[in-house]
Protein chains: 2
Amino acid sequence: MGEGVEWGLHCCLVLAWIGDDEALSTAKLARWFELPPAYLNKRLQALVRAGVLTSAAGARGGFRLARPPEKITLMDVVAAIEGPEEAFRCSEIRQRGAGAEAPASEFRHACGVSVAMRRAELAWRRELAAQTLADLMAEAPPSAPARARRWHERVNG
Amino acid sequence: MGEGVEWGLHCCLVLAWIGDDEALSTAKLARWFELPPAYLNKRLQALVRAGVLTSAAGARGGFRLARPPEKITLMDVVAAIEGPEEAFRCSEIRQRGAGAEAPASEFRHACGVSVAMRRAELAWRRELAAQTLADLMAEAPPSAPARARRWHERVNG
């Protein structure tokens, strides 16, 4: 899994802390975490396309959370950034070589290997869907929100 | 996740079906699934290093399961092939930029983002560890084991 997920989740946290009234540009978020702006912008745009963030142009523009932190799950952010594909890709090798001799009816059902791997991925997705940005906020160090707001005011001031 | 997991699991299944008394070389397993022998061999060697397979030289040599199918979990095979690293890699961006102003004590605990991502990976690992090669065998098409043995006899005969 790429670093994009870490970037995306931390950016969402920062946006949650500075609050609804404020927006942050790619440049400011990049500076916040010392990240390469062009790469970061790709992740932020992916979050906009997935409906996790909104983006507005203009002097007071920038990125904001599209909905309250308790309505944004880790799965939302991971799916936006990593795409909807399953990590395990089945290339149906069961049908090749020796498998070519099997009757076609045997392949009507999904391959047991891919079913088993998918079962594990579902457990992973369920766990990500059960955790929200609000949960991450609740577990952050107590001084983190105020520090985020101070940094934001200074950078904006 | 690479195709190696699919290859590894199917090879283990075939070795389970032909039984303890028989072994298969890389060349035969590659032919079985029409896979590139050199790449397949790397996966098989990884399974040997992880103690999932044994490998013996000689005319009757080749790969065998190192233990009964009910003692080999999907996690064993996935860890052997994909390595022990977690899919989510935390690069501690929380400590950069704005984070550099936080007291060091804040970073004594693991980052909440990586804890949350790790929790999901644990769910995935638990699910893989709960499924064995014997489970995969039980869910395979009823004619698959006999067909595997016939193919093996023909290729060996």
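Quick note: the coordinates plus some simple rules give every number you see, no bench work behind them. Please read these numbers as outputs of a predicted model, since none were measured by experiment. Positions of Cβ are generated from backbone atoms using ideal geometry, with glycine treated the same way; all protein chains shown enter the neighbour counts.
Placing one identical point scatterer on every Cα of region B:24-154 and ignoring solvent, what is log10 I(q)/I(0) from the Debye formula at q = 0.19 Å⁻¹? Values, matching the q order: -1.18.
A point 7 Å from Cα along Cα→Cβ stands in for residue A:149, and the other copies hold the same point at 7.3 nm, listed in rising order. Rg/Rh for region B:25-84 stands at 0.97; both radii use Cα atoms, and Rh follows the Kirkwood definition. Between copies, the label points at residue B:54 (set 7 angstrom from Cα along Cα-to-Cβ) are spaced 6.6 nm, reported in nanometres from shortest to longest.
Close amide H pairs (under 5 Å, H built 1.01 Å from N) link residue A:53 with A:48, A:66, residues at least 5 positions away or on another chain. Going by neighbour counts of Cβ atoms within 10 Å, the residues B:42, A:28 line up, fewest first, as B:42, A:28. The string of couplings for region B:47-53 from the Karplus curve (6.51, -1.76, 1.60, θ = phi - 60°) is 5, 5, 4, 7, x, 8, 10 Hz, one whole number per residue in order, with x for Gly and Pro. With neighbours defined as other Cβ atoms within 10 Å of a residue's Cβ, the residues B:5, A:115, B:113 order from fewest to most as A:115, B:5, B:113.
For chain A, the relative contact order comes to 29 percent (Cα pairs under 8 Å, sequence separation of at least 6).
For residue B:71, which lysines qualify as cross-link partners when the Cα separation must be under 25 Å and same-chain residues fewer than eight apart are set aside? Partners found: B:28, B:42. Sorted shortest first, the separations between the residue B:103 label point and its copies elsewhere in the assembly read 7.4 nm; each point sits 7 Å from Cα along the Cα-to-Cβ line.
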